[in-house]
Amino acid sequence: MKYKYFYLYQVADIVFTSSCRAIGMLLAWVMIQHYQLKVELGWFISTSWLLQVATLILMGLFSERIKKISFPIFCSAASFLCLTTMEFSKHMEPFKLGIIYVATSVLSIAIQPIGTSIIPIIYNEKNTERAFRIRGFVNSINTILGAALSGFVINEFTAEQTIRIIIASIGISFLTFCFIKTNEISIKNTHGNKSSAAIHALAKNKVERILVTVSAISNFILTPTLMYITPILIIDRYGYTALEVGLSETMFGIGMFLGSVVFCTKLNKVFGVRSTTVASVLTIGLSLLLILFSDNIHVLLIGLLFSGSGVVIYNINTTKIRCSATPPGLRGSFESIFLAICIIPIPAGIAISTLLVNSGNLEISLALFSILILFSALAIWLSKDFKFMTELDNNNLDSHYAKLYPSGYST
């Protein structure tokens, strides 16, 4: 098979990341439904994202110096060992599960820059758009399976049995990573401080400065809404169960699936990458407003569906430009730094959401940040450099940032 290791990596990524997402949803269910620890849940999620930011910054320091497949193997093995400690507990201890959630979420985020930055190297075609659409599909499957493992499965099994299912799935991902030949996806080590070079490049890159700002604003409200606010709305306000919590995240995942497989390519062909990307940001902002002000679970699910589509279309279009236009030796570090900046606001977003849940002023306060997302779409539309980058073909796009911003990529 021509792209055997590329596809094998995607399978392992799906199984591992989905399993780690399932731990988070299981924690939300246990702490909200069984223990009424909504505020404590918020602090666990905030801590998790704060550590994820630190992890991505560290990946920016060392991502070009490690053998790429070794890290996913280590992360999946460490997650497997963390979860097996739950087998020594007689009862489901929420705080122990929270600590394991924090640890596994950090391990799962650590492999994300690797899976994206190596695409131009392991996918042996000049046209990498299909590969990035596959990565968007992988992200949507991660969301759907994570919801299924902890939303649907928890209705058929106990929390303890669900943990065992997750342990088995992470073990499968570990074995799958082990079967990937390292020489197929390794990137040559280069000398120099790559993290400093990546930060310098980002500071000089007008296009990526705008894109990372939009992503950061979106994450500030989208992640708390999906991981924290939505479960509270469904369980406390609407009186539903884990099945509906799982369904809510599944709808977001289905939106991502439709966006990556159906909508992205067609919309790009009809309206162009620039217009489609701007429209995807507008969709995210409008969908979040719909979610926050809805008094009906069905409207909430529709909002999640459209927001998932908007997120994945934005990610596919911008990631292709970023990873193709960045010089090969800087791709891993640049992606790590980019992702770190994108998720820096998430801990603050969840912490603020936790305080707002306690105060009862949640919807109106977060709606103001949703409006910022709508205005950020205008910034993308007005960027002349972004318009220029979307008009380049695959040959001219390769490493083009070094030509467009020579002062940012000079060595």
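The values are calculated or read from the model by the stated rules, or taken from the named source; none is laboratory data. Since the structure is predicted, the reported quantities are computational estimates derived from the model, not experimental observations. Note that we place each Cβ from the backbone using ideal geometry, even for glycine, and neighbour counts take in every protein chain shown.
Structure above, values below:
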read-out: Whichever residue in the range 266-296 is in contact (Cβ under 8 Å) with a residue 60 or more places away in the chain and either acidic (D, E) or in contact with an Asp or Glu (Cβ under 7 Å, 6 or more places away or on another chain) (or both) and, among such residues, is nearest to M251 (Cα to Cα); value: L292
read-out: Residue among I291, I284 that alone is more than 26 Å from D385 (Cβ to Cβ), touching a Gly at 6+ places or on another chain (Cβ under 8 Å), hydrophobic (A, V, I, L, M, F, W, C) and buried (at least 17 other Cβ atoms within 10 Å of the Cβ); value: I291
read-out: Flag for L300 being hydrophobic (A, V, I, L, M, F, W, C), in contact (Cβ under 8 Å) with a residue 60 or more places away in the chain and surrounded by 17 or more Cβ atoms within 10 Å (Cβ to Cβ); value: yes
read-out: Pair list, Cβ < 6 Å and 6+ apart or interchain, from the range 243-263 residues that are without any contact (Cβ under 8 Å) to a residue 40 or more places away in the chain to residues that are surrounded by fewer than 21 Cβ atoms within 10 Å (Cβ to Cβ) and in a helix (DSSP H, G or I); value: none
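Residues are listed down the side, and each one gets a yes or a no for (1) modelled with pLDDT under 80; (2) out of contact with any strand residue (DSSP E or B) (no Cβ under 8 Å at 6 or more places or on another chain); (3) aliphatic (A, V, I, L, M):
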position	(1), (2), (3)
S309	no, yes, no
V312	no, yes, yes
G329	yes, yes, no
G332	yes, yes, no
L339	no, yes, yes
C342	no, yes, no
I346	no, yes, yes
N358	yes, yes, no
A367	yes, yes, yes
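Conditions tested, residue by residue: (1) farther than 27 Å from I172 by Cβ; (2) modelled with pLDDT of 80 or more.
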| residue | (1), (2) |
| --- | --- |
| Y35 | yes, yes |
| T55 | no, yes |
| K68 | no, no |
| A77 | no, yes |
| L81 | no, yes |
